[in-house]
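The next block holds one structure in the form of structure tokens; read it before the comments.
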Amino acid sequence: MDAEAQESFRQFVAGRSSALLRTAVLLTGGDRHAAEDLLQNALVRAAGRWQRIDEPEAYVRRVLYRQQISRWRLKWPRREVSVAELPEAGTAPDAAGRAELRLLLRTALSRLTPRQRTVLVLRYFEDLPEADVARLLGCSVGTVRSTTHRSLARLRTLAPELAALDSGGGRPSRDFSPMEVRP
């Protein structure tokens, strides 16, 4: 890689790594260490092909998704352990509520299967259409729809507090999108 390409790669990493890390954290169910490993591996792959990549962020995201899919298919899957601790009370009550909601969401997401979690991240956090999610995951649009439906139902079962959130109309929202609350 020449000096110009190295500088371009450094700028990309400096500018986009935090957003990519947030996606990786969601894909790994809140495991920041696994997310950092996932992102680092994706960036290493991107660095090797940097001069041939037309859309670097799309390429890195695709590598993140595919590596996460590969983790599902391991013969001996890794066991995930949630060890989230409640944060200390913030100064603003609104900040405390958001932090509590993020912890609740992260805990509920970590209890989903990796496939369910990935579909929800792609659909609601990345805001991708069903066809794009199906293409990225190598499955049909119907599979994405049914997995999304089952994942949201399980999320509501695991964390009924999420389903009871008010959508602004004075009643609980049946169509609550779990990714409306960004981690």
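Please go through the stretch 104-135 and pick out each residue that is over 14 Å from the mean Cα position of the chain (by Cα) and either at pLDDT below 85 or loosely packed, with under 13 Cβ neighbours inside 10 Å (or both).
Of everything in the stretch 104-135, those that are over 14 Å from the mean Cα position of the chain (by Cα) and either at pLDDT below 85 or loosely packed, with under 13 Cβ neighbours inside 10 Å (or both) turn out to be 104, 129, 131.
If you take the residues of the stretch 136-152 that are of a type in the set (Gly, Ala, Ser) and open to solvent by 50 Å² or more (accessible area, probe 1.4 Å), which of them is farthest from residue 66 (Cα to Cα)?
Only one residue tops the list, namely 140.
Is at least one residue of the stretch 125-142 touching an Asp or Glu at 6+ places or on another chain (Cβ under 6 Å) and assigned to a helix (DSSP H, G or I)?
yes
Taking the stretch 27-60, which residues are farther than 25 Å from residue 102 by Cα, part of a helix (DSSP H, G or I) and among the acidic types (Asp, Glu)?
57
Kindly check whether there is at least one residue in the stretch 67-85 that is surrounded by fewer than 16 Cβ atoms within 10 Å (Cβ to Cβ), closer than 15 Å to residue 122 by Cβ and modelled with pLDDT under 70.
Yes, some residue in the stretch 67-85 is surrounded by fewer than 16 Cβ atoms within 10 Å (Cβ to Cβ), closer than 15 Å to residue 122 by Cβ and modelled with pLDDT under 70.
Determine, yes or no, whether residue 39 is open to solvent by 10 Å² or more (accessible area, probe 1.4 Å), among the aliphatic types (A, V, I, L, M) and within 17 Å of residue 66 (Cβ to Cβ).
Taking the combined requirement at face value, the residue satisfies it.
The values are calculated or read from the model by the stated rules, or taken from the named source; none is laboratory data. If you're wondering where the values come from, they're calculated on a predicted model, not measured in any experiment. Every residue, glycine as well, gets a Cβ built from its backbone with ideal geometry; the counts of neighbours run over all protein chains shown. Just so you know, the surface numbers come from the protein's heavy atoms only, side chains and all, with ligands and any DNA or RNA stripped out. Shrake-Rupley method; radii C 1.70, N 1.55, O 1.52, S 1.80 Å.
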